[in-house]
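One structure is given here, and the rest of the page talks about it.
The values are calculated or read from the model by the stated rules, or taken from the named source; none is laboratory data. This is a predicted model, so every value here is computed, not measured. Every residue, glycine among them, receives a Cβ derived from its backbone with ideal geometry; neighbour counts consider all protein chains shown. Heads up: the accessible areas ignore ligands, DNA and RNA and are worked out on the full protein's heavy atoms, side chains in. Shrake-Rupley method; radii C 1.70, N 1.55, O 1.52, S 1.80 Å.
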Amino acid sequence: MARKKIALVGAGMIGGTLAHLAAMKEMGDVVLFDIAEGMPAGKALDLSQAGPVEGFDANLKGTSDYKDIAGADVVIVTAGVPRKPGMSRDDLLGINLKVMKAVGEGIKANCPDAFVICITNPLDAMVWALREFSGLPHNKVVGMAGVLDSARFRHFLAEEFDVSMEDVTAFVLGGHGDTMVPILEYSTVAGIPVPDLIKMGWSTQEKMDAIVDRTRKGGGEIVQLLGNGSAYYAPATSAIQMAEAYLKDKKRVLPCAAHLTGQYGVDGLYVGVPIVIGANGVERVVEIELNDEAKVNFQVSVDAVKELLEACKGIDSSLA
Ligand code: A3D
């Protein structure tokens, strides 16, 4: 059986980390695409030379020619610009929308059967625009944000409870941004919901509220510390988990930005919800009952996404 092919559109900080992870996990051959001449080829060569040491077999190629992504099974898109301190994700809209147009057309022409994972910010709007520009079926285009946001939440919860990260599950809904909705009732340690752990005296509501707030601002905290650019290790790992779910037909239940057609009362938008990812891409949207507070917060998040889509339509009339 031929190796799978993974195309990484954008070979910057996340793109390079994605290539490293995909090669180490022997997920398939890797193509690093970027408009920056030479840089993707340099990263591909450097990573190839890690192969003999780590013992992985994967062909890695760097390119600035869309033809090289032909036939890719998975495309992960990070092309665009990241945030700088003081910038919101939404500040990136105008620049990254143009990038999504070029990338969408490149995917449509070269690998229309691929499963496409978008990471470029502002995420919920860019994944929607990428789907529009590419014309791919909605079940084959998803956004990565929820896996990362819930990983941040899990990390903070595991630290607070002083238990293994492995035993903490967490649940984050809504758009990727300060309006995301972490849900404590569906977050657990080994199946025990967080509200029960509070009753058991493991922590307090105040500490949980602080963790929810820190999770919401988790990306900004890293942007401030790095001083130049945004998080890349955890975002890359999160997208790789989604790609593996598709390539191995694992039917993982993961929070992702998915196209909704009436679920959660939302129609025609990409918003973060739990979905099942398998060989058919997005196989199911998991629709859970939300309490009143979560419903209100979810709506705020949905409204923020809607506003961004209107802004996209204002910039590019082909989207209207
Ligand atoms: P960076 O290291 O700047 O890499 C982006 C790459 O895109 C650069 O190498 C550019 O040359 C390249 N590029 C620009 N325009 C094009 C184009 N038209 N075609 C192909 N390549 C192009 O950024 P990064 O890797 O740190 O971040 C990439 C994106 O991910 C940014 O938009 C971030 O805001 C976003 N991001 C999202 C999350 C989420 O959780 C959704 C988390 C972290 C970063």
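Excluding ligands, DNA and RNA, what is the solvent-accessible area per residue of the chain at a probe of 1.4 Å, expressed in Å²? Write out the running numbers ahead of the final one.
Working: 14200 Å² over 320 residues.
In whole numbers, the chain has 44 Å² accessible per residue.
Each residue of segment 4-10 was assigned a 3J(HN,Hα) from its phi angle through the Karplus expression (A = 6.51, B = -1.76, C = 1.60, θ = phi - 60°), giving 5, 10, 10, 9, 10, 9, x Hz with x at Gly and Pro. Ranking VAL276, ALA257, ILE240 by how far each Cα lies toward the positive end of the dipole of segment 193-320 (charges on Cβ) leaves ILE240 at the top.
Quick check: convex hull over the Cα atoms of segment 191-242, volume per residue in Å³, rounded to an integer?
Details: hull volume 5.5 nm³, N = 52.
Output value, Cα hull per residue: 107 Å³.
Axis of helix 13-24 versus longest Cα principal axis of the chain: the two differ by about 80°, to the nearest ten degrees.
Solvent-accessible surface (1.4 Å probe) assigned to LYS43 amounts to roughly 60 Å².
With the dipole of segment 19-102 worked out from charges on the C-beta (+1 for Lys and Arg, -1 for Asp and Glu) around the Cα centre, which of PRO82, ILE69, PRO52 lies farthest toward the positive end? Positive-most Cα among the choices belongs to PRO82.
Ordered by solvent-accessible area of protein heavy atoms (1.4 Å probe), largest first, the residues THR78, THR120 come out as THR78, THR120. Computed with a 1.4 Å probe on the full set of protein chains, the accessible area for MET87 sits at about 60 Å².
Note on the chain: GNM, Cα springs under 10 Å; of ALA22, ALA245, ALA294, the largest mean-square fluctuation is that of ALA294. Which of the lysines could be linked to LYS84 by a straight reach, that is with a Cα gap under 16 Å, when you skip same-chain ones fewer than 8 residues away? Within the straight-line cut-off, LYS84 pairs with LYS217. Computed about its Cα centre, the charge dipole of the chain is approximately 680 debye, with only Lys, Arg, Asp and Glu carrying charge at their Cβ. The alpha carbon convex hull volume per residue for the chain rounds to 134 Å³.
Distances between placed amide hydrogens fall under 5 Å for GLY278 paired with LYS251, GLU283, all partners being 5 or more residues away or on another chain. Computing FRET efficiency as 1/(1 + (r/R0)^6) for GLU289 and HIS138, where r is the C-beta to C-beta distance and R0 is 22 Å, gives about 0.35. The portion of the accessible surface of the chain made up by carbon and sulfur, rounded to a whole percent, is 52 (1.4 Å probe; DNA, RNA and ligands excluded).
LYS25 to LYS67: FRET efficiency via 1/(1 + (r/R0)^6), r the Cβ-Cβ distance, R0 30 Å, to the nearest 0.05? Don't jump to the answer; show the numbers that get you there.
Details: r = 26 Å, r/R0 = 0.87.
So, using R0 = 30 Å, E works out to roughly 0.70.
Cross-link partners of LYS43 among aspartates and glutamates, defined as those whose alpha carbon lies under 19 angstrom from its own and excluding same-chain residues fewer than eight positions apart: GLU26, ASP29, ASP34, GLU54, ASP57, ASP65, ASP68. Measuring against 20 Å, Cα to Cα, the residue pairs LYS101/LYS140; LYS4/LYS248; LYS67/LYS251; LYS25/LYS248; LYS207/LYS295; LYS4/LYS250 contain LYS67/LYS251; LYS207/LYS295 as the ones spanning a longer distance.
In terms of the mean number of neighbouring beta-carbon atoms within 10 Å, the peptides 237-244, 50-57 order highest first as 237-244, 50-57. Amide H to amide H distances under 5 Å link GLY177 with no residue, where only residues 5 or more positions off or on other chains count and H is placed in the peptide plane.
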